[in-house]
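I have placed the structure first, in the form of structure tokens, so that the comments after it can refer back to it.
The values are calculated or read from the model by the stated rules, or taken from the named source; none is laboratory data. Small disclaimer: the values here were computed from a predicted structure and weren't measured. In this analysis, Cβ positions are derived from the backbone assuming ideal geometry, glycine residues included, and neighbour counts consider all displayed protein chains.
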């Protein structure tokens, strides 16, 4: 799952300020680092998460839940159907939060199933999680580990 952008930027600023800045020896390099920190701080509250990422994950969860629900007993089925139905259509981030909560309800219900029913239900959830992992990885930029290790 994706880390909220605000949390990520706060961590970057904290790391640059507390860990990197003390080891930067030249005035010019410190000035450059302060400029990066300034940009990150100003960027933090101006970045809008890409709604398409939320929509894709929401659709994947809804599909998985649709395949899980038939395997559940009546009470769990009713609870999960209500959770999916009650998930707001917009904004995409709110829908995703609600559907992730429904996915947790589904996992709790699956834990109580007989092994044969649980296997089919778990397979639907696993397919979603595998696809979501690939979606999460697809937005990552190529690693700069080589450049980082060279200093």
| Any pair with Cβ under 8 angstrom, 6 or more apart, that starts in segment 131-151 at a residue that is within 16 Å of residue 60 (Cα to Cα) and ends at one that is modelled with pLDDT of 75 or more | 131/60; 132/57; 132/60; 135/53; 135/56; 135/57; 135/60
| said: outside any loop (DSSP other than H, G, I, E, B) and closer than 29 Å to residue 135 by Cα: which single residue out of 52, 29, 35 fits that description? | reply: 52
| query | So, of the residues in segment 78-95 that are modelled with pLDDT under 95 and in contact with a helix residue (DSSP H, G or I) (Cβ under 6 Å, 6 or more places away or on another chain), which turns out to be surrounded by the fewest Cβ atoms within 10 Å (Cβ to Cβ)? | reply | 93
| said: Can you say whether residue 116 is in a helix (DSSP H, G or I), modelled with pLDDT of 95 or more and either touching a helix residue (DSSP H, G or I) at 6+ places or on another chain (Cβ under 8 Å) or closer than 27 Å to residue 73 by Cβ (or both), as far as the supplied structure shows? | reply: no
| remark: If you go through 103, 99, 40, the only one that is under 24 Å from residue 136 (Cα atoms), outside the structural domain of residue 134 (by TED's automatic domain parsing) and in contact with a helix residue (DSSP H, G or I) (Cβ under 6 Å, 6 or more places away or on another chain) is 40
| field | residue 45 being under 21 Å from the mean Cα position of the chain (by Cα), more than 25 Å from residue 133 (Cα to Cα) and touching a residue at least 24 places away in the same chain (Cβ under 8 Å) | value | yes
